[in-house]
Every structure is written in structure tokens, then in C-alpha cells.
1. Residue check: is Gly8 small (Gly, Ala, Ser), in contact with a Gly (Cβ under 9 Å, 6 or more places away or on another chain), surrounded by fewer than 24 Cβ atoms within 10 Å (Cβ to Cβ) and under 30 Å from Arg180 (Cα atoms)?
2. Being under 25 Å from Arg160 (Cβ atoms) and free of Cβ contacts under 8 Å to residues at least 24 places away in the same chain is the filter here, so list the residues in the range 36-59 that pass it.
3. If I filter the range 48-59 down to residues being assigned to a helix (DSSP H, G or I) and of a type in the set (A, V, I, L, M, F, W, C), which single residue comes out as surrounded by the fewest Cβ atoms within 10 Å (Cβ to Cβ)?
4. Considering only the range 97-111, I want to know if a residue exists there that is within 12 Å of the chain's Cα centre (by Cα) and outside any helix (DSSP H, G or I).
5. Which of the residues spanning the range 1-35 are among the charged types (D, E, K, R) and closer than 17 Å to Lys97 by Cβ?
6. Out of Arg136, Arg143, which single residue is closer than 22 Å to Thr185 by Cβ and touching a Cys at 6+ places or on another chain (Cβ under 9 Å)?
7. Determine which member of the set Asp32, Asp84 is closer than 18 Å to Val131 by Cβ and under 18 Å from the mean Cα position of the chain (by Cα).
8. Gly62 is checked against (1) more than 30 Å from Ile195 (Cβ to Cβ); (2) surrounded by 12 or more Cβ atoms within 10 Å (Cβ to Cβ); (3) without any contact (Cβ under 8 Å) to a residue 60 or more places away in the chain and fails just one. What number does that condition carry?
Amino acid sequence: MLTVALTGGIATGKSVVASILGDLGCFIHTADEVARELMAPGKSAFGKVVARFGPSILAPDGTIDHARLGAIVVSDASARAALDGIVHPLVLAEKKKVMTALEREGRTAVYVSEAALTIEAGFQDFFDTIVVTTCRLEIRLRRLMERDGIGREEALRKIRSQMPAEDKATFADHVIDTSRSLAVTVERTEEVWRILVQAAALKDEAKNGGRPPREGSGVRGARRNKTPGPSRRRGGGRRSGKAGNDG
């Protein structure tokens, strides 16, 4: 099984690319969803996050209000670093558990971790391959303004709180630019997917001492393992949960 980190800045189209890869049969594991689960009451990150940021981040029902927490960390680098220091190691540990189970069961040829901050967290070397989404700044701004109902300055502040796109792209094995039409993004993502499943088959063959890949590996195996149903881009697909909304 090939392990892939899909990353990119906010509003660069990660979720769209993840959805396409899910449609093609990859297993998609979304970091935002894992983090939210870990920050639920009684879970491993909840007490640590509340202890660091105080009860003001709690909603009336006792859960963490992620909008309040987000408003704190987006404008405070030290607060953001503190949150990342709590959550990121726990998210990576959970990803390792899922990877181990998938590898043991032989359920997928390509595992994809969808996470905005893989490189910032220093986890890029944990994965076999890095895929980075990019997009022109003006399009990112428009997406953020429309999605979050915010002004241009606030959108710029969110983008500037993350690693510059050009710096992140230097870590990439493959770059997918989502600035153009959806059709172009689909075409490029499918091109990358074909490379990924070929790499997965080669990795599996090497692991098996040069013998042919086991059943379920490679392009045909990835397609065969795909969950039946409508495309994720039209309401279905193979993902570990809902698509993230940070693009």
C-alpha cells in the first residue's frame, strides 16, 4: 500500500482533489475530521485543549466551539503552535492505526491523508509521496470570501497565517493546480492517480520479493475496490468521512 500526503493551503482545492481520488478508489483519511473526533469530550485531546485555552472555547453543550477556537489561533501564532503541538501528534498516531489496519486487510492500494498542515507539522517524511494542491491567489481569495462570508482582508489574513504556497510546493512529488476548470482539475488528478497506483504496485511487488502484486493492487485493483455509488463530486464516494471545507 502506498501512503500519500495530500496537502496544500486553505482554499487551494484539497477537498475537490481528495474527492476525485476517492472516486477512483483511494482511501481518503481527512485530518480535520480526525482532529475534531479527538477533541470531542472524553477523547484524548479534549482535556489538553481546554486546559490550554480555557473554558471560553466551550459551547453551551460542553463541546469545543471550533469557530471560537479557530478565531483565537488564526491571529495568534503562539496559540496556533500550542494547539498544533497538542493535536498533530495524536492525529498522526490515529493515522498510523488506520494505515496498519488497511495494510493488514489489503483493502486499498493507495492511502491518502488529506491535511492542510502536513509539512508544517514536519510529517512529510512519514509518507511515501507528497501531493500539493495550488491555486492562484485571487481565486483562493474569492473562494474564501464566498465560503466564509468574510471580507478580502480577513481572507488574506487566513491565507497568510499558513506557509506560503510556493514554499509548500517545493516539498511536492506532484503538484495539482486547481486554478482552472473542474474538468482540468479532474484530468490532472487522474493523471497523478495513475502514477500513484503504479507506484503502489511497484512497492507491493518489492515487498513481496519481486513477485507479482497481490490481488487488489494496481490500477485495476484500485478501481475494483472502489465503493459503488455516485461520484463524491455528485454526492458519494470512498472517504473516511465528510469532505473538509477548507479547500
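1. no
2. Residue satisfying the conditions is Ile57 alone.
3. Ala51
4. yes
5. If the condition is that a residue be among the charged types (D, E, K, R) and closer than 17 Å to Lys97 by Cβ, then Glu33 is the only one that fits.
6. Residue meeting the stated conditions: Arg143.
7. Asp32
8. The number of the failed condition is (2).
Read-outs throughout are calculated quantities, based only on the coordinates presented, and are distinct from any laboratory measurement. This structure is a prediction, so every number in the text was calculated from the model and none was measured. As a convention, Cβ positions derive from the backbone with ideal geometry for all residues, glycine included, and neighbour counts pool all protein chains shown.
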